[in-house]
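Notes follow once the structure below has been shown.
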Amino acid sequence: MRAERFFWPASWILAVAVVAAQLLGAGPLTGTLWGADAFAFLPGWTLAVAGLLLAALVLLGLGARASLDRALLRLPTPAGGTFRGAGAWGIGAAAVFFLACWLFREGHTFLGDGHPLTLDLPRGQAFHPHEPLTYLLHHWFYGFAGPLFAAPGRDPTEVARDTVALSSAIAGALFVPVAWGLARELGRALAPDPAAGQRRGGDAAVALLFLLVLFQGYVQLFFGYVENYTFHLLFVGLYLLLALRYLRGGAPLALAGAALALDVSLDLSAVVLAPSFLVLVAWGLVTSGRRLAAARDLVLVAVLAAAIAAGLARARPGFDLAAAVWGVVAQAILGHGSRAESLHYMFSREHVRDFLDEQLLIGPAAALLFVAGVAWLAVARRRPSAPALFLLVAGGCVLAGSWATTDLSLGYPRDWDLFAPLGLTLTVAGLGLLTGASWRAPSLRRCLALLVVLSCFHTWPWIAVNASFTRSFARLKTLPSGLGRTEVVVGTWYLAHGDTAQAIAWFERSLSAYPWNGTAAYSLGRIDMGRGQYRRAAGAFWTALQSRPDKQEFRFSLVDAVVRGGGPPLLAKAQLDTLLASAPDDPVYWAAYGVVCLGAGQPAGAAAAFARARRLAPADPVIGALPARLAQPDGYARAVREDWPALVGP
């Protein structure tokens, strides 16, 4: 049959590409093929064993097709094929997946913004403009589940890490019924299998589809992943499920719209799915008998979206959800630089490499499978059905959005999780286009089984790597994040754990890779300050400031180094002028300004600055004692020696 003649070669090409990528990633291209180098950080025998198992299963399937198909027909499924009516089966599947997610959870916080998140929660931060509802949920769950992990003397950041990890595993358990529902919806396109009986043949294919949805690289987010994307991934799946049900008349449009509106509030990047929702709206408005319901549901969705926006504005006064969404879209497309720079990077070799690695890590049955499905429609010259059109638009927008995103603050290898939740869309779209083609049922089951085995070969090693801190740290050192960013993260970890020599080496390596890495220069400056090498520290802070003139911390550290190092007070005064222009009510800045005015021979300016500082912080004893230095002949020297460390920190 024509579909088989197309998809079987495509599946084998996918299999060869994945295996070849794993072999190269474990050998000469470790770090370059960062989306397929998991085996490089596992014991050497693991690749050999996994490769032999993969080869054995493939050869067994090729040599014993009838036996393989009989085995596939015996795959366990819920009674009657529905998850809701399965009772113990459904609860057991969710419980098993939850335990797997928790027991093999991430052993580090190197990827994404996991480390900042664990710092933010104990400080009480409950809002982030890019993930507004997600941060509110994290804040609430930290308060709810924190006592489960708290202990006398335990670092609050570790407690926060455990609560976020637990929430991700819980989201994984909730994802299981969503994945089963998606498999059921995709399986509805399958033709009956007369040889096996409609129920048994269909259930076996649905079970394989379920495993495919559950075994892709994006499920790493559920394995204790300390970040903001697990709820987002769950709601992407819920939106796709409700949309497919709506297209067959099994759910109202309002439910799909509500899921998408909530998903956007969880993570603004979900707006990339908005064009697919317009497909649902258009289908409802042009379909006889559905127009009135579609119009009603559209109004309900608009009201819900307005209510969500109002609620978020109340949680963070002044927050404009629509403006924030537009800002994310503009930043993703334009980046922080000029449009010409973004376009140049978009078609650069580095971006092509990172884009392919990112999609491979999210999959393997994601972008590659979706592209194969699109190619099939083009070759077959078939007019897509409404579900196929919906999946085409959803998958196409996700793939285009991933490609057009040119500027990531942490670099693609660490920020891959930004794209992972939407990778589910590519998997569902690819499987939908595959199952919508004409297949012989046994051949389809064997093709799906091949993809399941291939997905396990790809995804399970990643879970093993991420569960180990040692292996993850070793992999981190190889990531080509660019701009010296990987080296900064490694150096920061060494510095936090007291290995200053290693930290200096990695910060210097960062500056060698990118001389304007402000964080690396600033960190070297802080080390020099601790050693009393103030002039060297001032040079490092100056370098940091040139890369990020907006960073008040960099600028004030330069002031600190100049003052302690005996540099010209007028240089420090110029930097404080800039700081006070942006923060005119900071008492420490005014007190510091008074000290440098005193050193510059400007007692009137010093007196005015000290008076302003006292008005802003009347109870501060250090600031209160500074005016006495005005009457002392060596007032500046004594202020620097005795007052300055207490004012700005040791």
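The values are calculated or read from the model by the stated rules, or taken from the named source; none is laboratory data. All values reported here derive from a predicted model rather than from experimental measurement. Ideal geometry is used to build each Cβ from the backbone, glycine not excepted, and the neighbour counts take in all protein chains shown. The protein model used for the area step is the full one, side chains on, heavy atoms only, and it has no ligands, DNA or RNA in it. Shrake-Rupley method; radii C 1.70, N 1.55, O 1.52, S 1.80 Å.
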Any residue that is in a helix (DSSP H, G or I), open to solvent by less than 60 Å² (accessible area, probe 1.4 Å) and within 28 Å of ARG414 (Cα to Cα) - is there at least one of those in segment 3-13?
no
Among (1) part of a helix (DSSP H, G or I); (2) over 47 Å from the mean Cα position of the chain (by Cα), which single condition is LYS573 missing?
(2)
Matching residues in segment 98-128 - criterion: being touching a helix residue (DSSP H, G or I) at 6+ places or on another chain (Cβ under 6 Å) and open to solvent by 60 Å² or more (accessible area, probe 1.4 Å)
PHE104, ARG105
Please go through (1) farther than 30 Å from ARG248 by Cβ; (2) in a helix (DSSP H, G or I); (3) open to solvent by less than 60 Å² (accessible area, probe 1.4 Å) for PHE319 and return the number of the only condition it doesn't satisfy.
(2)
If you scan segment 211-233, which residues turn out to be under 20 Å from PHE370 (Cα atoms), at pLDDT 95 or above, in a helix (DSSP H, G or I) and open to solvent by 10 Å² or more (accessible area, probe 1.4 Å)?
LEU214
From the set of residues in segment 193-210 that are within 25 Å of LEU389 (Cβ to Cβ) and open to solvent by 10 Å² or more (accessible area, probe 1.4 Å), which is modelled with the lowest pLDDT?
GLY202
Expected single match for more than 23 Å from ALA540 (Cβ to Cβ), in contact with a helix residue (DSSP H, G or I) (Cβ under 8 Å, 6 or more places away or on another chain) and open to solvent by 20 Å² or more (accessible area, probe 1.4 Å) among LEU626, LEU598, LEU571 is LEU598
Quick check, is TYR239 without any contact (Cβ under 8 Å) to a residue 40 or more places away in the chain, open to solvent by less than 20 Å² (accessible area, probe 1.4 Å), within 24 Å of GLN359 (Cβ to Cβ) and among the hydroxyl-bearing types (Ser, Thr, Tyr)?
yes
Residues of segment 149-169 being in contact with a helix residue (DSSP H, G or I) (Cβ under 7 Å, 6 or more places away or on another chain) and assigned to a helix (DSSP H, G or I), in sequence order, are PHE149, THR157, VAL159, ALA160, ARG161, ASP162, THR163, VAL164, LEU166, SER167, SER168, ALA169
Quick one: would you say ARG382 is free of Cβ contacts under 8 Å to residues at least 12 places away in the same chain, surrounded by fewer than 17 Cβ atoms within 10 Å (Cβ to Cβ) and not hydrophobic (A, V, I, L, M, F, W, C)?
yes
Looking only at segment 615-630, filter to residues that are under 45 Å from the mean Cα position of the chain (by Cα) and of a type in the set (D, E, K, R); which one of those is modelled with the lowest pLDDT?
ASP620
Among the residues of segment 385-397, count how many are open to solvent by less than 20 Å² (accessible area, probe 1.4 Å) and either under 23 Å from PRO9 (Cα atoms) or modelled with pLDDT under 85 (or both).
3
Provide a single number: the residues in segment 338-355 that are modelled with pLDDT under 70 and farther than 15 Å from GLY411 by Cα.
5
Could you figure out which of (1) crowded, with 16+ Cβ neighbours inside 10 Å; (2) farther than 30 Å from LEU247 by Cα; (3) touching a helix residue (DSSP H, G or I) at 6+ places or on another chain (Cβ under 7 Å) isn't true of VAL176?
(2)
Could you please let me know if ALA537 is crowded, with 18+ Cβ neighbours inside 10 Å, out of contact with any strand residue (DSSP E or B) (no Cβ under 7 Å at 6 or more places or on another chain) and without any contact (Cβ under 8 Å) to a residue 60 or more places away in the chain?
yes
Given the conditions (1) of a type in the set (Phe, Trp, Tyr); (2) under 23 Å from VAL279 (Cβ atoms); (3) surrounded by fewer than 24 Cβ atoms within 10 Å (Cβ to Cβ); (4) under 21 Å from the mean Cα position of the chain (by Cα), report the number of the one that PHE419 does not fulfil.
(3)
Go through segment 553-564 and give me each residue that's of a type outside the set (Phe, Trp, Tyr) and crowded, with 17+ Cβ neighbours inside 10 Å.
ARG555, SER557, LEU558, VAL559, ASP560, ALA561, VAL562, VAL563, ARG564
Looking at GLY525, GLY532, GLY491, GLY518, which is the one that is on the phi > 0 side of the Ramachandran plot and either free of Cβ contacts under 8 Å to residues at least 60 places away in the same chain or surrounded by fewer than 23 Cβ atoms within 10 Å (Cβ to Cβ) (or both)?
GLY532
Every residue from segment 398-453 that is outside any helix (DSSP H, G or I), modelled with pLDDT under 90 and of a type outside the set (Asp, Glu):
THR405, THR406, LEU408, SER409, LEU410, GLY411, GLY436, ALA437, SER438, TRP439, ARG440
Would you check which residues across segment 275-290 are at pLDDT 90 or above and open to solvent by 70 Å² or more (accessible area, probe 1.4 Å) and list them?
LEU278, LEU285, VAL286
Here are ALA474, ALA505, ALA520: which of them is assigned to a helix (DSSP H, G or I), within 29 Å of the chain's Cα centre (by Cα) and closer than 30 Å to TYR593 by Cα?
ALA520
Residues of segment 92-125 being more than 13 Å from PHE223 (Cα to Cα), more than 18 Å from the chain's Cα centre (by Cα) and not charged (D, E, K, R), which ones?
GLY92, ALA93, ALA94, ALA95, PRO122, GLY124, GLN125
Hey, GLY181 open to solvent by less than 60 Å² (accessible area, probe 1.4 Å), without any contact (Cβ under 8 Å) to a residue 60 or more places away in the chain and among the small types (Gly, Ala, Ser) or not
no
Counting only residues that are free of Cβ contacts under 8 Å to residues at least 12 places away in the same chain, more than 16 Å from PHE390 (Cα to Cα) and of a type in the set (Gly, Ala, Ser), how many does segment 265-311 have?
8
I need the full set of residues from segment 595-650 which are of a type in the set (Asp, Glu) and free of Cβ contacts under 8 Å to residues at least 40 places away in the same chain, in order please.
ASP620, ASP634, GLU642
Might you let me know whether segment 266-286 holds any residue that is farther than 18 Å from VAL393 by Cα and of a type in the set (Ser, Thr, Tyr)?
no
